[in-house]
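What follows is a structure written as structure tokens; I'll ask about it next.
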Amino acid sequence: MKAAVFPHDEARAGWVIAGLSLVVVTGVAIVLFGLKTRAGYEPGASVLPEINAALNGMCGICLLLGFAFVRRRQLVAHKACMITTAALSCTFLVTYLVHHAQVGSVPFMGQGAWRYLYFGLLIPHATLAAVVTPLAMTTLYRGAKGRLEQHKKIARITLPIWLFVSASGVAVYVLLYHVG
């Protein structure tokens with residue numbers, strides 16, 4: 001049975017999503033730009049960057065699986081993949097914030113073409129990570145509420161952005177910790 005759609009519910013959800021998105025983006029900005037790199041920080045001293053890269057990679061895999069499931073009309077499996085993706089993304093956010101609260105912003109040490117590649121990926125990655133935050137929450141909300149037409153419409157925008165953010169997050173990790 002489809003839930004009744006009340007305009008005030010959608011408006012309230014929009015405000016909650018906007019507020020949560022603002023908190024997330026502000027939190028990331030504070031730990032990246034408000035904290036200095038700790039003196040004596042040694043790359044490899046923490047396992048959190050590897051965990052974060054793995055979480056990003058798993059998000060990408062779950063997004064692709066979820067897309068495949070919905071295309072095959074396997075909606076229960078699709079929903080499980082999307083819930084898993086959301087949980088992985090939330091876990092990523094927590095471990096990302098913890099890591100950068102401990103060490104601050106980690107500078108890229110690579111030179112030449114590596115530097116251009118790194119910042120060429122980092123800038124759209126960071127920008128689209130901020131953009132996908134409210135998109136993902138809105139997409140998940142609409143799916144959970146059974147607003148399938150609205151869900152499909154926004155999911156077509158959210159999916160490629162979220163996939164790029166997941167894949168570029170892994171690439172940024174590799175460049176930052178294994179090339180630079």
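From 85, 91, which residue is among the β-branched types (Val, Ile, Thr), open to solvent by less than 40 Å² (accessible area, probe 1.4 Å) and modelled with pLDDT of 95 or more?
85
Can you tell me how many residues within the stretch 87-125 are within 20 Å of the chain's Cα centre (by Cα), farther than 18 Å from residue 167 by Cβ and among the small types (Gly, Ala, Ser)?
4
Could you check, for the stretch 141-152, whether at least one of its residues is modelled with pLDDT under 95, more than 14 Å from the chain's Cα centre (by Cα) and aliphatic (A, V, I, L, M)?
yes
Give me the pairs: first residue in the stretch 71-82 and surrounded by 16 or more Cβ atoms within 10 Å (Cβ to Cβ), second residue among the polar types (S, T, N, Q), beta-carbon distance under 9 Å, and six or more apart or on different chains, which are they?
Here the result reads 82/139, each pair linking the stretch 71-82 to a residue that is among the polar types (S, T, N, Q).
Another question, if that's okay. Please go through the stretch 93-114 and give me each residue that is free of Cβ contacts under 8 Å to residues at least 60 places away in the same chain and assigned to a helix (DSSP H, G or I), ordered by number.
Matches in the stretch 93-114: 94, 95, 98, 99, 113.
Residue by residue, here is whether (1) more than 24 Å from residue 22 (Cβ to Cβ); (2) of a type in the set (Val, Ile, Thr); (3) in contact with a helix residue (DSSP H, G or I) (Cβ under 6 Å, 6 or more places away or on another chain) holds:
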{"residue": "52", "(1), (2), (3)": "no, no, yes"}
{"residue": "56", "(1), (2), (3)": "no, no, yes"}
{"residue": "61", "(1), (2), (3)": "yes, yes, no"}
{"residue": "66", "(1), (2), (3)": "yes, no, yes"}
{"residue": "71", "(1), (2), (3)": "yes, no, no"}
{"residue": "75", "(1), (2), (3)": "yes, no, no"}
{"residue": "81", "(1), (2), (3)": "yes, no, yes"}
{"residue": "88", "(1), (2), (3)": "no, no, yes"}
{"residue": "94", "(1), (2), (3)": "no, yes, no"}
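Filter the stretch 144-154 down to residues that are open to solvent by 30 Å² or more (accessible area, probe 1.4 Å) and assigned to a helix (DSSP H, G or I), then give me how many there are.
Qualifying residue count for the region: 7.
The values are calculated or read from the model by the stated rules, or taken from the named source; none is laboratory data. Quantities reported herein were computed from a predicted structural model and do not represent experimental measurements. Note that we place each Cβ from the backbone using ideal geometry, even for glycine, and neighbour counts take in every protein chain shown. Ligands, DNA and RNA are excluded from the accessible area calculation, which covers all protein heavy atoms including side chains. Shrake-Rupley method; radii C 1.70, N 1.55, O 1.52, S 1.80 Å.
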